[in-house]
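Engineer: Here it is, the structure, as structure tokens.
The values are calculated or read from the model by the stated rules, or taken from the named source; none is laboratory data. Note that this is a predicted model, so its numbers are computed, not measured. Here the Cβ positions follow ideal geometry from the backbone for every residue, glycine too, while neighbour counts run over all protein chains shown.
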Amino acid sequence: MMGELDPFVVAVIAAMGVATYVTKAGGLWLLGRVDLSPRVESGLEILPGAIIVSILAPELIGGTLATWIAAGIVFLVAWRTDSITISLGTGVVAILALRAML
């Protein structure tokens, strides 16, 4: 039945959440105690965008017309707003709408 939660699955999800938090908190703690070169700081600043591109690029390579149009919309929104969050939200709405229309 779909309404029941498997305790093992809940425990695994909770453990992944704790591991994610500990990793992030530990990284922030460690970076607070290490002097970083300007080059490393620059690399860390662009890392979120690079991760997003590495996830989305394979989807674009084999993408449909709707995928490419949505990617163009995301690019324009990112360029105008300079916000990854707004861009990704717009992209989700755009791809859903375009797939329904095309």
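Engineer: Please identify the pairs in which a residue from region 63-80 that is basic (Lys, Arg) has its Cβ atom under 6 Å from the Cβ atom of a residue that is in a loop (DSSP other than H, G, I, E, B) and surrounded by fewer than 12 Cβ atoms within 10 Å (Cβ to Cβ), counting only partners at least 6 apart or on another chain.
Structural biologist: none
One line per residue, one yes/no per condition, for (1) in contact with a helix residue (DSSP H, G or I) (Cβ under 8 Å, 6 or more places away or on another chain); (2) under 26 Å from residue 87 (Cβ atoms); (3) not β-branched (Val, Ile, Thr):
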| position | (1), (2), (3) |
| --- | --- |
| 8 | no, no, yes |
| 24 | no, yes, yes |
| 35 | no, no, yes |
| 46 | no, yes, no |
| 58 | no, yes, yes |
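Engineer: Within region 81-94, which residues are touching a residue at least 24 places away in the same chain (Cβ under 8 Å) and closer than 24 Å to residue 47 by Cβ?
Structural biologist: 84, 88
Here's the yes/no breakdown for (1) surrounded by 12 or more Cβ atoms within 10 Å (Cβ to Cβ); (2) closer than 15 Å to residue 99 by Cα; (3) not assigned by TED's automatic domain parsing to the domain that holds residue 99:
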residue: 54; (1), (2), (3): no, no, no
residue: 60; (1), (2), (3): yes, yes, no
residue: 63; (1), (2), (3): yes, yes, no
residue: 66; (1), (2), (3): yes, yes, no
residue: 69; (1), (2), (3): yes, yes, no
residue: 78; (1), (2), (3): yes, no, no
residue: 81; (1), (2), (3): yes, no, no
residue: 84; (1), (2), (3): yes, no, no
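Engineer: Could you list, in sequence order, all residues of region 1-48 that are among the β-branched types (Val, Ile, Thr) and either within 22 Å of the chain's Cα centre (by Cα) or loosely packed, with under 10 Cβ neighbours inside 10 Å (or both)?
Structural biologist: Listed by number, the residues that qualify are 9, 12, 13, 18, 20, 22, 23, 34, 40, 46.
Engineer: Something else about it: Please return the ranges of helices (runs of 4 or more DSSP H) entirely within region 30-102 where 1 or more residues are among the small types (Gly, Ala, Ser) and in contact with a Lys or Arg (Cβ under 6 Å, 6 or more places away or on another chain).
Structural biologist: In region 30-102, the matching helices (runs of 4 or more DSSP H) lie at 65-81.
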